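Okay, so here's the structure we're looking at.
Rule-based calculations on the coordinates, nothing more; no lab input. Since the model is a prediction, treat every value here as computed from it, not as a measurement. Glycine gets a Cβ as well: all are built from the backbone with ideal geometry, and neighbour counts include every protein chain shown.
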Amino acid sequence: MNTSLQKAASAKAGIQTKIPRILAVANQKGGVGKTTTSVNLATALSAIGKRVLLVDLDPQGNASTGLGIRRAGLRTSSYDVIFFEVPVTEVAQETKVPGLYVLPSSIHLSGAEIELVNESRREHRLESALRTALPYDYVIIDCPPSLSLLTLNALVAADAVVVPLQCEFYALEGLSHLSKTIERVKQTYNPRLDLHGVALTMYDGRNKLSAMVAEDVRAYFGDKVYKTIIPRNVRLSEAPSHGLPAIIYDMRCSGAQAYIKLAKEILRREKTMAGEIVGNKQQNNVIKAA
Ligand SMILES: Nc1ncnc2c1ncn2[C@@H]1O[C@H](COP(=O)(O)OP(=O)(O)OP(=O)(O)O)[C@@H](O)[C@H]1O
Ligand SMILES: [Mg+2]
């Protein structure tokens, strides 16, 4: 379906299309809670009434399976959106959560790195697919654990980056590299890009180390660290095996409650950030006019 047909179909269904707000969930470190954060943040935003698309950009496909998508039966995936320009709404799958859609990943993405090297506008493929009128308020991108071309595509498409950080000894290791990458993408490809915030994950209140790490991270990132801390909670790790976000699997568990709180904090920060963007634009206009 081409873009005008997509628009017509959405209009017929009474759904407005617009360029969505795009958040990339990224950290090149493995196992820090990117997928858990993506899935539960996307679910919480849908529960608040937003229409949300979760883009699974990781060949491991944990976000897709965690939302109950059986990857074996899929005909198309985020790979087809990136390589063959198949429209997002054609590939997006409904989930059990009302208002939440997922662009599933496929194992083909594991070869994307090498295949993308020879493609034109290789850093902009996802941006072209997502920065267009779509029937979603938010797009959340679950990135793979690397600073690869796939992650680069996510950063070029995004408005802002959410960085999950596990409360463990080596938490800050590699973060200067991530910060530099965000800065480089901002300067070279995407001047919109901003660090949205840093989410402390897998916090263990019984462990002094968690508190020390949280303190260090706050000293390094200041106000960028969200006030909400995600605790270590076994329900968060059980939920994906049932194909459900923890917020649906067990809404009362401490992990689900923390993610609901985090989503609200993120939305509050969104308002401040939107104010800053308008302010900057006005300032630029004043500078231009002077
Ligand atoms: N707060 C938490 N409490 C307990 N377990 C958690 C928590 N957050 C994540 N986990 C578990 O830790 C593991 C890693 O989490 P997750 O898959 O979200 O990380 P990731 O950064 O996406 O990993 P990868 O880099 O491999 O993509 C998973 O088994 C997940 O269920
Ligand atoms: Mg993951």
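Once the convex hull of all Cα atoms in region 97-168 is built, its volume per residue stands at 132 Å³. Taking amide H positions as modeled 1.01 Å from N, with prolines and chain starts lacking one, the residues under 5 Å from L54 and 5 or more places away or on another chain are Y101, V102, L103, I140. Residues whose amide H falls under 5 Å from that of A160, counting only those 5 or more places apart or on a different chain, are I22, A24, D194, with hydrogens built in the peptide plane. Put a plus charge on the Cβ of each Lys and Arg, a minus charge on the Cβ of each Asp and Glu, and nothing anywhere else: the dipole of the chain about its Cα centre is then about 780 debye.
Measuring nothing but alpha carbons in the chain and taking Rh as the Kirkwood radius, the Rg to Rh ratio lands at 0.96. Take every DSSP beta bridge whose two residues both sit in the chain; close to 10 percent of them are antiparallel.
Here the Karplus curve 6.51 cos²θ - 1.76 cosθ + 1.60, taken at θ = phi - 60°, turns the phi angles of region 144-154 into couplings of x, x, 6, 9, 7, 4, 5, 5, 4, 4, 5 Hz, with x standing for Gly and Pro.
If I model region 92-244 as equal point scatterers sitting on the Cα atoms and use the Debye formula, what is log10 I(q)/I(0) at q = 0.15, 0.21 Å⁻¹? For the requested q values the scattering log ratios are -0.99, -1.41.
For E90, E168, the sequence from fewest to most other C-beta atoms within 10 Å is E90, E168. When only alpha carbons are used to place a centre, region 136-195 and region 77-115 end up 19 Å from one another. Size descriptors for region 26-137, from the alpha-carbon set: Rg then Dmax equal 13.7, 41 Å. Computing Rg and the Kirkwood Rh from the Cα coordinates of region 141-198 gives a ratio, Rg/Rh, of 0.95.
Tally Lys/Arg at +1 and Asp/Glu at -1 over every other residue whose Cβ is under 9 Å from the Cβ of V102; what's the total?
Around V102, the surrounding residues sum to -2.
Between I248, G68, M202, the Cα set farthest toward the positive side of the dipole of the chain (charges on each charged residue's Cβ, about the Cα centre) is that of I248. Taking amide H as placed 1.01 Å from N in the peptide plane, V225 has its amide H under 5 Å from the amide H of V198, each at least 5 places away in sequence or on another chain. Applying the Karplus relation 6.51 cos²θ - 1.76 cosθ + 1.60 with θ = phi - 60° to region 133-143 yields 3J(HN,Hα) values of 5, 9, x, 10, 7, 10, 10, 10, 10, 8, 8 Hz, where x marks Gly and Pro.
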